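Here's the structure, in structure tokens; my notes come after.
Only the coordinates and a few stated rules stand behind these numbers; no lab work does. Note that this is a predicted model, so its numbers are computed, not measured. Quick reminder, even Gly has a Cβ in these numbers, built from the backbone with ideal geometry, and neighbours come from all protein chains shown.
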Amino acid sequence: MDDSILLAHGSGGKLSHELVEKKFLPFLANPALNKLDDSAVFEASGRLAFTTDSYVVNPIFFPGGDIGKLAICGTVNDLAMNGAKPLYLSLSAIIEEGFLLRELEQIVQSIKKAAEEAEVSIIAGDTKVVNRGQADKLFITTSGVGIISPGVDISGANARAGDKVLLSGTIGDHGIAVMSQREGLRFSMTLESDCAPLNKLVSQLLETSSRIHCLRDPTRGGLATTLNELARQSKAGIVVQEANIPVKEEVKAACELLGLDPIYVANEGKMVAIVDPADADKILAQMRKNSYGRDAAIIGEVTNEHPGKVIMKTKLGPSRIVDMLSWELLPRIC
Amino acid sequence: MKFIDEYQDNKLAKGLAYKIAQRSTKTIRLMEFCGGHTHAILRYGIRQLVPKTVEMRSGPGCPVCVTATADLDKAIALAHLPDVIITTFGDMIRVPGSYSSLQQAKAEGADIRIVYSTIDAVEIAKANPGKSVIFIGIGFETTAPTIAASILKAQQEKIENFHILSLNKLTPPVMKALLDSGEVKLDGIVCPGHVSVIIGSHPYEFIPKDYGIACVISGFEPLDILLCIDKLVEQIEKGEPKVEIAYSRGVKPEGNRKAWQLMENVFEIGEANWRGIGIVPQSGLKVRGKYERFDADKAFSVSLKPPREPKGCRCGDVIRGAATPVECKLFRKVCTPESPVGPCMVSSEGACAAYYQYETLENLQSF
């Protein structure tokens, strides 16, 4: 029988220490974490960005990633979207009694790999174990600190009329890959989640141009929700061309089958950049040089008209409003 | 898998729209029966592509929307019974009933689970032998065969704790009821695509024959719908109404015999209660006597207070095609996808949700 997490692993006693020392520390070791003090101490100067996010994805393993990779990439990307260079993360795991230790180890290894790629250190952490049924296998919360270089001012409120809207690649990959694995909806496809740390791509773009106004990663709620957030925050209108939005054939087919619109499906390794039109082509070219921006495209522009609203020119020509996602995405019945 | 792009081709669409405009001289009203068509029409802006002479109206083809409030109240009451697990398609849980909703019942502690297919509900029954699992069986001829298959599976595997609340409905009888009422004048019907995959084209023959109304079965991609509209306009202009298939990659005239046989084995035809329409004879599917132990209506009894409709909500009118969503005073002001008053704003196949989600800027400003 496989070893699994017991309530005693969360007691604060010997088993708790053993869990941290055997399952987490060997993979995530760094000087600040190794001290095992009550808090991590680090030096930083300048403008800092700070963020936190919780991850409760079901299933916890999906094509192209798992909850561990997601928890690192998500927080790294949230920092990067403000132009910050992510430095340190904290990681807190709530584990359901009975969770398999080998699965935990697999996830910690994936955390290690993602953190290495993003060049961030996990310097603080916590584990709790709850009774069976009180959590769904494993929940992870990560918080992160990053540093913003002088002169960098990126915010969802900075879009101006005339700016170009760039998208770093195909949409819907993560949402459809996860959905394809869900109980009762299993369909086989080669599609993988796009889950990836985008901080290096962002730093390359910041080196290329000082005229990047907004960055945001369209996660839950999809591209449509992100564009609406940016339009509202900037009090500007956005017009996008449906035909320019890159979507993989597998995602199109799955969306057609399920009655979903890819612009509402989640992504975990894509970003929207709103930039000065003079630098748009240069930024696009730089994006495409990075493997996470290979399929990047200019999908639209910012306008003075219809502030706070997103308009899409459909593939057939007519325009319509694109609203935020209002409820959970559900496959059609008929 | 390039096929989807081909059915969304801009030039072909413009060509078809031009053809329709050339052909159309009379002012006509078409009804798209299916909510999936309403969504596609609005999502791709097809109303703006067709000439002003062609008016599109949504019909009753949204399974969640047509479920009568009294039936929803019954589902909610069943959810409150001890040791019962309710399984349902997702949209149902947000629809307001007379006094509560499934979502509310869930928050109060009822065990209500969203499933993507009926077979999942059977699996839940298998995994919970101490509980009664009831599946809320909504939908048209599209979902009925899978629900029938789930009853057969439960019988085969001797899963005694699985039940269906059979609210399944049939398409042609409700079309007849709408046409008999004469409330909405129609010249043509965009017939449902997925339903017709199952039933074929023959069951619509009475519509051109008895009512002189054109019928064309359509797929769900924008070019499918434009092709369908073109064929409808052609029939109407020529004065030669008939049933045509503009979705031949999915629909055969005889339909899917195997699916039919499955349905006929498990269900018998009876009356059904439709929101906004009332009792329509011969329009519902009831579980046959030989499978009655799977019939939730036979296995459980609940007492219900008389149903009440939400005040001011015009879902009934919208379902019959007697009003468009924007004619409802609550639309967008009180009734939104975040706080829906009626089911047409809840369901991903509901007309109000489609009008809300895919509105044009001009319409929104004039609103």
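Below 15 Å, Cα to Cα, which aspartates and glutamates can B:K169 reach? Residues fewer than 8 away in the same chain don't count.
B:D71, B:E141, B:E264, B:E268, B:E271
Within region B:267-367, what is the number of lysine pairs with alpha carbons under 22 Å apart, leaving out pairs fewer than eight places apart on the same chain?
So the count of such lysine pairs works out to 4.
Once you've got the Cα coordinates, tell me which of B:K26/B:K52; B:K106/B:K153; B:K14/B:K231 are over 20 Å apart.
The pairs that break the limit, which is 20 Å between Cα atoms, are B:K106/B:K153.
For A:V129, what residues show an amide H to amide H distance below 5 Å, using hydrogens built from the backbone and excluding near sequence neighbours?
A:G10, A:I95
For an R0 of 22 angstrom, estimate the FRET efficiency from the Cβ-Cβ distance between A:F61 and A:V130 and round to the nearest 0.05.
For A:F61 and A:V130, the calculated efficiency is 0.60.
Check which residues have an amide H placed less than 5 Å from B:A272's amide H, if you skip close sequence neighbours.
B:V280, B:Q282, B:S283, B:G284
In whole Hz, what ³J(HN,Hα) sequence does region A:233-240 give by Karplus (6.51, -1.76, 1.60; θ = phi - 60°), x for Gly and Pro?
Coupling constants for region A:233-240: 4, 8, 6, 9, x, 10, 10, 10 Hz.
Under a 5 Å amide H to amide H cut-off, with H placed in plane at 1.01 Å, what residues pair with A:I299 once short-range neighbours are removed?
A:V165, A:L166, A:L167
Evaluate E = 1/(1 + (r/R0)^6) for A:R294 and A:S149, where r is the Cβ-Cβ distance and R0 equals 30 Å; express this FRET efficiency to the nearest 0.05.
Once the sixth-power term is evaluated, E becomes 0.70.
Counting other C-beta atoms within 10 Å, which of B:Y18, B:Y356 has the fewest, and how do the rest follow?
Going from sparsest to densest Cβ surroundings: B:Y18, B:Y356.
Taking region A:3-79, which GluC sites (Glu not before Pro) meet the DSSP loop condition and have no more than 15 other C-beta atoms within 10 Å?
A:E43
Pop a pseudo-label 7 angstrom from the Cα along the beta-carbon direction at both B:E292 and B:L81 and give the gap in nm to one decimal.
So the label points at B:E292 and B:L81 sit 1.5 nm apart.
Taking trypsin sites (Lys or Arg not before Pro) as candidate sites, keep only those in a DSSP loop with at most 13 other Cβ atoms within 10 Å, then name the longest stretch of chain B containing none of them.
Longest run free of exposed loop sites: B:53-157.
Tell me, what ³J(HN,Hα) does each residue in region B:131-144 have, in order and in whole Hz, if you take phi through Karplus 6.51 cos²θ - 1.76 cosθ + 1.60 with θ = phi - 60° and put x for Gly and Pro?
10, 9, 9, 10, 9, 7, x, 10, x, 9, 5, 6, 8, 4
Under the rule of -39500 (n - 2.57) per DSSP H run of 4 or more residues, summed and divided by the residues of the protein assembly as shown, what mean residue ellipticity at 222 nm is obtained, to the nearest 500 deg cm²/dmol?
After summing the helix terms and dividing by the residues of the protein assembly as shown, the value is -10000 deg cm²/dmol.
If you put +1 on each Lys and Arg Cβ and -1 on each Asp and Glu Cβ, how big is the dipole of region A:7-148 around its Cα centre, in Debye rounded to 20?
Magnitude of the dipole: close to 100 debye.
Kindly flag which residue pairs out of A:K23/A:K137; A:K22/A:K69; A:K252/B:K252 have an alpha-carbon separation exceeding 18 Å in this structure.
From A:K23/A:K137; A:K22/A:K69; A:K252/B:K252, over 18 Å: A:K22/A:K69; A:K252/B:K252.
Each residue of region B:332-338 in order: what ³J(HN,Hα) in whole Hz does its phi give by Karplus 6.51 cos²θ - 1.76 cosθ + 1.60, θ = phi - 60°, with x for Gly and Pro?
Karplus values, whole Hz, x for Gly and Pro: 6, 8, 9, 9, 9, x, 6.
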